[in-house]
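Please treat every number below as a calculation from the coordinates, not as lab data. What you see is a predicted model; the values in this text were computed from it and never measured. Don't worry about glycine lacking a Cβ; one is built from the backbone with ideal geometry, like all the others, and counts go over all protein chains shown.
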Amino acid sequence: MKHKHEITIDASQEKVWSAFDNADNLSRWQKNFFSYTHLSGEPGKPGAGAELVFDEKGRKVVLRETITERREPDFLAGSYESDHGSTIIVNHFEALDESTTRWSSWCNFTFTGFMRFMSPFIGGVIRKRTEGDMERFKLMVETDEAGTAP
């Protein structure tokens with residue numbers, strides 16, 4: 001399952017990149033985020049590994065992240081593995097002018113096991129979750145608030 005989302009943020013590309021590249025901000029804009037643990041490599045650089053844990057209605061979901069490519073301040077890509085499948089996420093940050101940035105995110109999900117059969121039914125939920133995360137990130141960067149967007 002593939003999808004793409006875009007959002008325009010009223011902030012400079014440098015400010016957007018700085019906020020996105022800071023693991024301490026993850027809990028401020030990713031719904032149900034629980035913890036981040038750096039495992040290997042230089043954080044945020046190609047080859048770096050980390051474990052991200054989410055609380056999904058009382059169930060712990062662990063994602064193993066590997067950064068695959070980075071071109072600061074406009075491109076970051078990674079792969080994410082879980083017990084339910086894998087995901088490739090590519091993030092692009094385009095300066096539209098000095099104070100406006102377009103964030104485009106491309107996601108490619110590959111599910112395994114039971115989730116493979118469920119994927120046609122949960123696509124809308126995944127899209128809505130991604131859009132909500134991007135809205136919370138925008139809110140955090142533009143107003144230094146987070147967690148209040150749907």
Summing +1 for each Lys or Arg and -1 for each Asp or Glu, what net charge is found among the other residues whose Cβ lies under 12 Å from the Cβ of VAL53?
-1
Among LYS60, LYS15, LYS45, residue whose mean-square fluctuation peaks in a GNM of the chain (springs only between Cα atoms under 10 Å)
LYS60
Is it possible to state the helix-based mean residue ellipticity at 222 nm for the chain, with each DSSP H run of 4+ residues giving -39500 (n - 2.57), the sum divided by total residues, to the nearest 500 deg cm²/dmol? What is it?
-9000 deg cm²/dmol
Sum up the charges of everything whose Cβ sits under 10 Å from the Cβ of LEU39, counting Lys and Arg as +1 and Asp and Glu as -1, but leave LEU39 out.
-1
Local charge sum around SER99 (other residues, Cβ-Cβ under 14 Å, Lys/Arg +1, Asp/Glu -1)?
-3
Calculate, in nm to one decimal, what THR68 and SER18 gain on full extension: separation in residues at 0.36 nm each, minus their alpha carbon distance.
16.1 nm
Simple spin-label estimate for GLU98 and ARG59 in nanometres, 7 Å along Cα-Cβ
5.0 nm
Mind counting lysine pairs for me in the stretch 1-128? Cα separation below 16 Å, and the two need to be 8 or more apart along the chain or on different chains.
5
Computed about the Cα centre, the charge dipole of the stretch 2-143 from +1 Lys/Arg and -1 Asp/Glu charges at the Cβ has a magnitude in debye, to the nearest 20, of 720 debye
In whole Å, what are the Cα extents of the stretch 2-143 along the three principal axes, biggest one first?
47, 33, 25
